[in-house]
Amino acid sequence: MNTTTIEMIPCDSSQIEAFGYDAESQILAIRFPGRGATPGSVYHYADVPANVFEAMSGAESKGKFFGGQIRGHYAYEKQPDANGVVFGLTTKQEPKYTTATKDGRLVNRATGKAIPDDEPVFVLRAQDALALPALEAYAALVSDHTHAHAVEQRIDAFIKFADAHPERTKLPDTAAA
C-alpha cells in the first residue's frame, strides 16, 4: 500500500486512538491504543471511499463504526513500528491471512479472527519447486468458483515469482534456517 504520511486525528475512544485519511490514495489510517509505554499500532485500509471516512468522522462511536463498516470490508496492512518492524504479511504476499500480532498467530483479514491454536496450518512458499504442482492439484479439486479464482491468482503469482527468480526456486528441505 501507499507509504503516504497521513495526518492523524485523535479521538475519544477505547478502541481507536486516532485516525486519518488520504483522499488521493483512498487510504484510511487507524492507530489502535498501545499498552503501557508501548505505542499503538497503525493500520492502513485500502480503497476506502471519502464518504466512509466522513461517516467515521461523524460517528458517535468510532469503535462501533470501525467494527461495522471497516473491519472485514477493506484490505489492510499493518504499518512499521518506531523501529521499522512490521508484524504481519502484506496483501501481496498473502491476500487472505496475515500475522496481525507479535505472537505471530495467523488472522483472517476479512473476519479479524485468529486461526485456533489446535488447527494445523501448512505453508507453501513460491521458492519451493513442489509448491506450484501442489497448488495446481488443489485447484483441480476446488468446486467453488470464487475460491477457484483466488487459487488461480495465487498460482499466477507463484509462476511469476519462479519466472523472475529461477535462482531462488529449489526443492524443499526441513533444515532450520
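General remarks:
- Test: residue in segment 144-152 that is in a helix (DSSP H, G or I), under 22 Å from His165 (Cβ atoms), modelled with pLDDT of 80 or more and not assigned by TED's automatic domain parsing to the domain that holds Ser41: yes
- Against the numbered list (1) surrounded by fewer than 15 Cβ atoms within 10 Å (Cβ to Cβ); (2) modelled with pLDDT of 95 or more; (3) of a type in the set (A, V, I, L, M, F, W, C), Ala37 comes up short only at (2).
- Selection count, segment 158-177, where residues are in a helix (DSSP H, G or I) and surrounded by 15 or more Cβ atoms within 10 Å (Cβ to Cβ): 3
- Test: residue in segment 102-117 that is farther than 30 Å from Gly34 by Cα, surrounded by 10 or more Cβ atoms within 10 Å (Cβ to Cβ) and in contact (Cβ under 8 Å) with a residue 24 or more places away in the chain: no
- Residue among Tyr21, Tyr45 that is of a type in the set (Phe, Trp, Tyr) and more than 18 Å from the chain's Cα centre (by Cα): Tyr21
- Taken as a whole, segment 86-94 holds no residue that is over 20 Å from Pro10 (Cβ atoms), in a strand (DSSP E or B) and at pLDDT 70 or above.
The values are calculated or read from the model by the stated rules, or taken from the named source; none is laboratory data. Keep in mind it's a predicted model, so treat the numbers as computed, not measured. We place every Cβ from the backbone using ideal geometry, glycine too, and count neighbours over all the protein chains shown.
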